[in-house]
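The values are calculated or read from the model by the stated rules, or taken from the named source; none is laboratory data. Just so it is clear, the structure is predicted and the values come from calculations on it, not from any experiment. Cβ sites come from the backbone with ideal geometry, for glycine too, and all protein chains shown count toward neighbours.
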Amino acid sequence: MTATNNINHIFSYQSHIYFNQQNSFSIITYVTSAYLAISLFPSTSHTLVSTHTFATTLALTTRQGLKLRCIPSSFQAEQLILTHGLTLTSLAREPLIDVTIDGADEVDSELNLIKGGGACHVQEKIIAFNSARLVIIADYRKASSALGEAWKAGVPLEVIPCALQPVLRRLTAMGATPVLRMGGSAKAGPVVSDNGNLIVDASFGAVPAAKVAKLHSQLLHVPGIVDTGLFVGMACKAFFGEADGSVSTRVSEINTPQPKIEAL
């Protein structure tokens with residue numbers, strides 16, 4: 001049975017409330033991409049998978065025979081896993097993960113990513129780094145040739161609160177337009193990450209794929225920045241739900257979540 005034909009089955013899993021609150025076309029193509037990502041697994045495999053998104057969680061519930069253990073990257077992801085009857089575990093219990101299936105705010109031509117729109121990119125990167133594979137699911141609007149073309153909000157940065165003003169000054173000196181992310185109508189004051197830190201969105205314009213690693217490294221050298229929302233060379237495959245309901249892919253034969261680290 002094809003991924004498209006399974007959409008109605010997927011949405012039978014307590015999805016109607018979320019579905020009605022979102023753009024229905026976007027969610028359908030997103031879940032189709034998630035289902036194809038899950039279909040990579042052998043039907044009887046014992047798989048340790050980290051899941052971060054609503055679509056991935058729904059897709060996981062459709063695969064009969066899979067013996068899955070799921071690691072969340074946030075409180076929200078943990079609740080989704082429990083709600084849909086999947087087996088919950090943790091990075092502390094099982095630090096080596098078979099595959100992470102995640103979304104992204106933007107994906108460039110080399111499968112570099114911007115993540116952090118949900119302010120969980122530090123936890124997501126820790127989990128992805130400890131995975132054998134990182135697979136991305138997104139709709140076609142997240143695909144671009146250079147990071148910053150489609151995602152205009154900037155690179156999410158998790159910042160220690162006492163370093164906020166020095167970090168903002170340094171980012172401005174680097175040519176960025178930094179903005180402290182606020183909670184909006186849902187929360188008075190700034191967004192606070194699950195780690196108790198602030199989120200700064202720093203726009204650098206469009207960043208060519210060849211310069212993403214350098215930008216990431218420069219940002220990490222600024223004291224007070226815990227980590228960036230740039231995932232450099234970590235994803236091996238991306239599925240994109242297209243406007244016509246089909247799914248396209250981008251693949252990298254060289255990317256890996258765990259780059260080789262040489263001993264000193």
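Data overview
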read-out	value
Which numbered condition residue 177 misses (of (1) in the same structural domain as residue 101 (by TED's automatic domain parsing); (2) touching a strand residue (DSSP E or B) at 6+ places or on another chain (Cβ under 8 Å); (3) surrounded by fewer than 20 Cβ atoms within 10 Å (Cβ to Cβ); (4) not aliphatic (A, V, I, L, M))	(1)
Test: residue in region 227-237 that is closer than 25 Å to residue 73 by Cβ and among the basic types (Lys, Arg)	yes
Residue list for region 82-123, restricted to those being of a type in the set (A, V, I, L, M, F, W, C) and over 16 Å from the mean Cα position of the chain (by Cα)	82, 86, 88, 91, 92, 96
Residues (assigned to a loop (DSSP other than H, G, I, E, B), hydrophobic (A, V, I, L, M, F, W, C) and within 20 Å of residue 115 (Cα to Cα)) located in region 167-199	176, 191
Scan of region 232-264 for residues that are over 17 Å from residue 132 (Cβ atoms), of a type in the set (D, E, K, R) and assigned to a strand (DSSP E or B), ordered by number	250
Condition check for residue 133: under 22 Å from residue 243 (Cβ atoms) and either surrounded by 24 or more Cβ atoms within 10 Å (Cβ to Cβ) or charged (D, E, K, R) (or both)	no
Strands (runs of 3 or more DSSP E) (entirely within region 86-166) containing at least 3 residues that are modelled with pLDDT under 90 and not assigned by TED's automatic domain parsing to the domain that holds residue 198	97-102, 131-139
